[in-house]
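The values are calculated or read from the model by the stated rules, or taken from the named source; none is laboratory data. Everything quoted here is computed from the prediction, not taken from an experiment. When we count neighbours, we look across all protein chains shown, and the Cβ atoms used for this are built from the backbone with ideal geometry, even at glycine.
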Amino acid sequence: MSRAALSWSIAGLLAAVLLPWYGLEDGLGSGAWIAGLWSSEDAASGLAQSIFFGRWWLAPTLAASLGCLVVSLLPLAPARRGTGLLIAGGGGVVLFAAQAFAVGLRGWNAGWLLSLLGEMEQRQVGIGAGATIVLIALLSLVSIGLALRGAFGGDAFVAGAMTTVTASILLFTAWPILHILAQAFQDQDGALRPLLIVDRLAESKIWSLRCLAGSGGCGVVWNTLFLALCCGVGSTVLGLSFALIATRTSFGFKKILRVLTVLPIITPPFVIGLALILLFGRSGLVNQLLDWSFGVQPTRWIYGFPGVLLAQLFAFTPVAFLVLIGVVEGVSPTLEEASQTLRANRWDTFVTISLPLMRPGLANAFLVGFIESIADFGNPIVLGGNFGVLSTEIYFAVVGAQLDYGRAAALALLLLVLALGAFFLQRRIVGTRSYATISGKGDSGLATPLPDAARRVAHWIALPWAGFTLLLYGFILMGGLVKVWGRDYTPTLDHYAKAFSIEFSEGGVIWSGAAWNSFWTTVELAAIAAPITAALGLLAAWLMVRQRFAGRGALEFATMLSFAVPGTVIGVAYVFAFNVPPLEITGTALIIVLCFVFRNMTVGLRAGVAAMSQIDRSLDEASATLRGRAPQTLFYVVMPLLRPAIVGALVYGFVRAVTTVSAVVFLVTAEYDLATTYIILRVINGDYGLAIAYSCALIVLMLAVILLIQFLVGDRRLGRRALPVQGVRA
Amino acid sequence: MSVQFTNIVKRYGTTTAVCGISFKVDSGTLVTLLGPSGCGKTTTLRMIAGLELPSEGRIEIAGRDVTHLSATQRDVSMVFQSYALFPHMSVLENVAYGLRRSGIAKEEATRQALEGLAQVGLEGYGQRQPSELSGGQQQRVAVARALVLKPSVLLFDEPLSNLDARLRRQMREEIRELQQRLRLTVVYVTHDQQEAMAVSDRIIVMNAGRIEQEGSPRDLYERPATPFLARFMGESNPAKGQVRRLDAARVCVRLGSTEIEVADSSAREGAATVAVRPEAIKVETAPGSANALPGTIAKASYLGTHMEYSIDTAAGTLFATCPRVERPLTTGTQVALVLAPRGVIVVRD
């Protein structure tokens, strides 16, 4: 471990001397910066900046890095070396953060610093390669110091993982969100006025209960809450039905069912809304049919609560399914067999054993459904009508005539409180019980088939839903193949040709279609983001389930933050936080990838936590006593047992990156345009045909990617005997 | 490859699981940590493994201070109560796992793993999944997996508790035979006193986070230091008696109307608790010899190899075993009990 400390110390110092400290306009690729390391103010290294260019505030950080090297070289006992690294490295991180936040584009950032230390000549821009590597090195040295002092079982890998997860969540989730929430307590000029939030929230539009009395609409808080409860319960019930049918019955079309449940998740949200309108809207097919055959007056029932709930159920049931399928598979058959030998019939077993064992998974699925619903923006904006929820209120506060960031921030705060409530409710229900059902003892039981009553209920819930899904997708498919939906139903391939035409010339292939640019950008950024999302989410899950440390709950909550806040708020928060030094990445591809990763890692985390609490801890311990170091244990023992969760996290990471709209709408640029923002623009221009054709292409792409991921990661081999085909019906 | 514990304390929050224990396990011996559940024996074992780190104190393995080292960095391996076989790997992959993680090439690891499987009598089972094996076979895989690493110390955490009685006896004999053959240093945790006596060179009896007594199985059985130990190490009858010192090495113990001379150098004079081993009570028909303790048979049961009697006497109800099964005594029979001195133990109060 002291070798690692030495390597990191040297790496940090080399970066401080040999790499430009600040970010460069045209990046490192050109190599032009090498000449300017000591002479150009832009490209100078950290050392040169502090000596030649008057940026003396960098010197303490560099001194701390040097201190780490000294501590690594001295002949010290492990615990003492650890203390030394902790002091030097930790001090370095603090000094780094202090100077980075204190000095900005216009000198001192805060008024009190200005009045205390006087006007400052120098300024600084966003950090670059040198500063980043120095910071990473310092954080690594802190982790090694912690491990040397015996924290995290003396394991440097665990300490490093812990530092990585904590630091990245603090930087890319907690900071931007707190930054924008602070605006709830500031007036338009940025002055702190805590009481302003009371004014902002004390509105009848938010809290009114008039709908109970039958006159007018309720406040947006009650709307949001009621919708989220219905969506959480509904998606959990639907997801459980699908999961049970897929794993515990001999239903013949499981494969199709599995694909069907995944379809809505790979569909950009507004497409489902659009299809629902084509079907149930005022001039939709159903209404026209009713009008024509029975003379029923067309109504607008789809606009409002029913429509939004329907669309959300379509959108979020697959997430619940993905969370639950691993859990249902993980329930130990032996426990069910034990129950049956204890005079419980299949129904009793299901109700008293299987369901309670799935409780962490059910609570997780509900939590995901609930929070997805309150954070959803696309469906309420398309289908909400007069039914306002918090996320649309925030949107209108930002983009409307109001342009009131303070009000938006106050409403976002309210949204967070709701998410917080759901989070603690879930904690209470699941509690600290252990549900270890994949134990280290070989399980030779047979999975119990579902009792008939439960099977019938599951079929009755899931199959009509599946049929309805098929119908909707039929409409989406047709929408891209006719000239103008509603008026001219002539079949055509024009929309596809316009978007995806390819020309062959002497110079090679020319991607002449209008959609190719945004298509390739989307694929590239999503493909970069997905593995990082899954890795970070599962790593965080592993730390939370397997390691005991202070602040575990706080960390878990911080990851929920970015998930619970609507995409619009995240987008604005990222622009605000990363538009100015120290992290100046607005307008780059990096900020889009970061937004994808930290917005979507929560699902990987939840699925990982649910799956991991079913794996007996003694398996990890056995690996540790068999010379398996923590990363090896993770790779050879935990990951193979987590395959369903890994597939879920990868798929979700990719798919959400491709389909998300609200979070990236503020982040895209002409250079980095994304598929969804491109499609939205088409929709706004009334070009439904092209929009739907492009959406269909995205759906096909994502299906292919899901199958690829499933193929690459493979199934979990548990060595359990398979469920025999259920021959006789009772 | 000895193990040395010095003043080890383990706290969880406000509760103390292990309060300041010290002991030494000599190289090539099998030492058992014995005690009732919740006595801290498993925590102690896990601290040797490095799965828990002590709150205070110092642990040495083979002369090296390992107090702050993690499980991976210590040269120990462990057989878990639940076996902890990796369900997604074949038997061979399970056994080869530790070898591969130690950086041994695949062919060599496979060869050694097969050798390990042969050592526990599981040739030809390599390609099976753990779930396709019986409990005893899974146990052997777990032992082979730990054994192939040739660790300085091998740890067993209640390894036999999931097996049936016959298999338990067989497996404990196999473990003992393996340990003797390979001269392994083993620390073994169990709550079963018979199992502990059968396999151990030394036994450390723990109670409520402390070491109650340590010694050879014979020491502990014949000279238990406390009433807890007398009860815990085999059957014994607690009786109230009077102690009178005869000389430095002997005392005279009076139980009811009988007096027995017992080798003892530490007991104080006066009233004392006396533990009487059931096999040390010789049951004769009344009136018997002069120094016998008279009593009445209260219960009698036939166990094939021997008889068990509950006998009411002036010193309390005594439980006795008697190898004479051909002429059993019936309930209500007047008897005279002769106590063998080696089965009469004065314990501290």
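From the list B:Gly63, B:Gly40, the one residue that fits, being within 24 Å of the chain's Cα centre (by Cα) and either away from chain A (no Cβ under 12 Å) or modelled with pLDDT of 90 or more (or both), is B:Gly40. Among the residues making up region B:307-349, those that are in a loop (DSSP other than H, G, I, E, B), within 26 Å of B:Ala225 (Cβ to Cβ) and charged (D, E, K, R) are B:Arg348, B:Asp349.
Checked against the criterion of being surrounded by fewer than 17 Cβ atoms within 10 Å (Cβ to Cβ), more than 14 Å from every other protein chain (Cβ to nearest Cβ) and not aromatic (Phe, Trp, Tyr), the candidates A:Leu138, A:Leu116 yield just one match: A:Leu116.
Among the conditions (1) out of contact with any helix residue (DSSP H, G or I) (no Cβ under 7 Å at 6 or more places or on another chain); (2) part of a helix (DSSP H, G or I); (3) surrounded by fewer than 24 Cβ atoms within 10 Å (Cβ to Cβ), B:Lys150 misses just one, which is (2). Of the residues A:Leu13, A:Leu95, A:Leu62, A:Leu19, the single one that is surrounded by 17 or more Cβ atoms within 10 Å (Cβ to Cβ), modelled with pLDDT of 85 or more and in contact with a Pro (Cβ under 9 Å, 6 or more places away or on another chain) is A:Leu95. Listed here are the helices (runs of 4 or more DSSP H) enclosed by region A:442-552 that have at least 3 residues being surrounded by fewer than 12 Cβ atoms within 10 Å (Cβ to Cβ): A:452-479. Could you please find all residues in region B:72-99 being more than 8 Å from every other protein chain (Cβ to nearest Cβ) and part of a helix (DSSP H, G or I)? Hits for region B:72-99 are B:Val91, B:Leu92, B:Glu93, B:Asn94, B:Val95, B:Ala96, B:Leu99. Looking only at region B:124-158, filter to residues that are more than 14 Å from B:Gln112 (Cα to Cα) and of a type in the set (Lys, Arg); which one of those is nearest to the other protein chains (Cβ to nearest Cβ)? Per the criteria, the residue is B:Arg128.
Take the conditions (1) within 20 Å of A:Ala151 (Cα to Cα); (2) touching a Leu at 6+ places or on another chain (Cβ under 8 Å); (3) charged (D, E, K, R); B:Arg101 misses just one of them, which is (1).
Residues are listed down the side, and each one gets a yes or a no for (1) more than 22 Å from the chain's Cα centre (by Cα); (2) in a helix (DSSP H, G or I):
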| site | (1), (2) |
| --- | --- |
| A:Gly653 | no, yes |
| A:Phe666 | no, no |
| A:Ile680 | no, yes |
| A:Ala697 | yes, yes |
| A:Leu708 | no, yes |
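Filtering region B:43-55 to residues that are more than 14 Å from every other protein chain (Cβ to nearest Cβ) and of a type in the set (Gly, Ala, Ser) leaves nothing. In this structure, is A:Ala670 assigned to a helix (DSSP H, G or I) and more than 14 Å from chain B (Cβ to nearest Cβ)? When the stated conditions are applied, A:Ala670 does not pass them. Residues in region A:127-137 that are over 14 Å from A:Gln49 (Cα atoms) and either among the hydroxyl-bearing types (Ser, Thr, Tyr) or in a loop (DSSP other than H, G, I, E, B) (or both): A:Thr132 alone. Of all residues in region A:242-253, none are surrounded by fewer than 21 Cβ atoms within 10 Å (Cβ to Cβ) and under 30 Å from A:Glu203 (Cα atoms). Checked against the criterion of being closer than 28 Å to A:Leu698 by Cα and touching a residue at least 60 places away in the same chain (Cβ under 8 Å), region A:576-585 contains one or more residues that satisfy it.
The numbered conditions (1) of a type outside the set (Ser, Thr, Tyr); (2) in a helix (DSSP H, G or I); (3) touching a strand residue (DSSP E or B) at 6+ places or on another chain (Cβ under 7 Å) are all true for A:Pro582 except (2). Somewhere in region A:588-611, is a residue outside any helix (DSSP H, G or I) and away from chain B (no Cβ under 14 Å)? So far as region A:588-611 goes, yes, one or more of its residues are outside any helix (DSSP H, G or I) and away from chain B (no Cβ under 14 Å). Of all the criteria given as (1) at pLDDT 80 or above; (2) at positive phi, the one not satisfied by A:Ile51 is (2). Of all the numbered requirements in (1) at the interface with another protein chain (Cβ under 9 Å from one of its Cβ atoms); (2) part of a strand (DSSP E or B), B:Arg58 misses one, and that requirement is (1). The helices (runs of 4 or more DSSP H) found wholly in region A:1-119 and carrying at least 2 residues that are under 30 Å from A:Gly154 (Cβ atoms), free of Cβ contacts under 8 Å to residues at least 60 places away in the same chain and of a type in the set (Gly, Ala, Ser) occupy A:59-73, A:78-102.
Of the set (1) more than 14 Å from every other protein chain (Cβ to nearest Cβ); (2) surrounded by fewer than 23 Cβ atoms within 10 Å (Cβ to Cβ); (3) in a strand (DSSP E or B), all apply to B:Thr32 but (2).
The helices (runs of 4 or more DSSP H) falling completely within region B:167-269 that include 3 or more residues that are modelled with pLDDT of 90 or more map to B:193-199. Restricted to helices (runs of 4 or more DSSP H) entirely inside region A:314-403, those with at least 1 residues that are β-branched (Val, Ile, Thr) and under 24 Å from the mean Cα position of the chain (by Cα) are A:359-375, A:378-383, A:390-399. Could we say that A:Pro380 is closer than 24 Å to A:Leu420 by Cβ and either in the same structural domain as A:Pro264 (by TED's automatic domain parsing) or free of Cβ contacts under 8 Å to residues at least 24 places away in the same chain (or both) here? For A:Pro380, the condition - closer than 24 Å to A:Leu420 by Cβ and either in the same structural domain as A:Pro264 (by TED's automatic domain parsing) or free of Cβ contacts under 8 Å to residues at least 24 places away in the same chain (or both) - is met.
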